[in-house]
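Read through the structure below, which is laid out as structure tokens, and then see the notes.
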Amino acid sequence: MPVLPGAEPYRHEGGEVGVLLCHGFTGSPQSMRPWAEYLAGRGLSVSLPLLPGHGTRWEDLQLTTWRDWYAEVDRALRELLDRCETVFVFGLSMGGALSLRLAAQHGDAVRGLVLVNPANKVHGLSAHALPVARHLVRTTSGIASDIAKEGVTEIGYDRVPLHAAHSLRQFFRTVDAELPQVTQPLIVLHSPQDHVVPPADSARILSRVSSTDVREILLEQSYHVATLDHDAERIFEESWAFVERLAPSPVDGKRSSSGG
């Protein structure tokens, strides 16, 4: 299936410091594109992959599992590590969970994490029914475009396939068990008014990681997709300051200024 216009992956060949960005469940790189372009504009190498089953139609997501999504970001991280001296991982929502697993699995190869409204659990009574319900009902209502800013929309599915949601639940359990293995410097930015992922998920992550260099920032003006919302610029600026602090001279050795 062709990729939806605007949902394409993004890559920029910059300097010796790289950033991998991971988008969320049923979303696409479009939700992270302004952030990726901001970082590319500061000379960083940037990779923003499209997760399998995303950016086309929900029926494609129905055929994938968390192992497919994780394999894609793991591949993208290894590519960045091959060409960069220092690599950071940033994630939104489920992309935050993907980022945390990359940090747990790759250790010191990941220099630091920036997570925006990271997800840790499928909430509600319906979550417990997923193992059975997914065989009876194909989809439920979509979760895309939880944005406070007027006139801004997220490219995402209007339905959530339940087979994929069941796999997502399994993935969150896997990541939760691995959180104590996360030791990297960490920023968690989350929205008190989030209609997709409650603040409890950020609190759970912050309480279980082993990181000692940790910052928590509240995004008071935004909903779930804060990277496209009122607090987007603050997210971008905080993440750039984080990179500057942990990667001295982050634009040294800049290879090119081409985007794409």
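Computed from the coordinates by the stated procedures, all read-outs in this text should not be read as laboratory data. These figures come from a predicted structure and were not determined experimentally. Note: ideal-geometry Cβ built from the backbone for every residue, glycine included; neighbour counts use all protein chains shown.
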Working out 0.36 nm times the residue gap between Val214 and His195, then minus their Cα-Cα distance, what length gain in nm do you get to one decimal?
-> 4.4 nm
Which FRET efficiency value, to the nearest 0.05, do you get for Gln105 and Ser249 by plugging their Cβ-Cβ distance into 1/(1 + (r/R0)^6) with R0 = 45 Å?
-> 0.95
Measure of compaction for the chain (Cα Rg per 2.2 N^0.38 Å) = 0.94
Stretchable slack from Thr153 to Gln170, in nm (0.36 nm times residue separation minus alpha-carbon distance) | 3.3 nm
What FRET efficiency do you get for Arg204 and Glu85 if R0 is 51 Å and r is their Cβ-Cβ distance, rounded to the nearest 0.05?
-> 0.95
Against the longest alpha carbon principal axis of the chain, how many degrees, from 0 to 90 and to the nearest 10, is the axis of helix 199-208 turned?
-> 60 degrees
Dimensionless Rg ratio for segment 147-215, taking C-alpha atoms and the 2.2 N^0.38 Å reference = 1.36
Cα gyration tensor shape for segment 1-83, rounded if a/c is under 1.5, else prolate or oblate | oblate
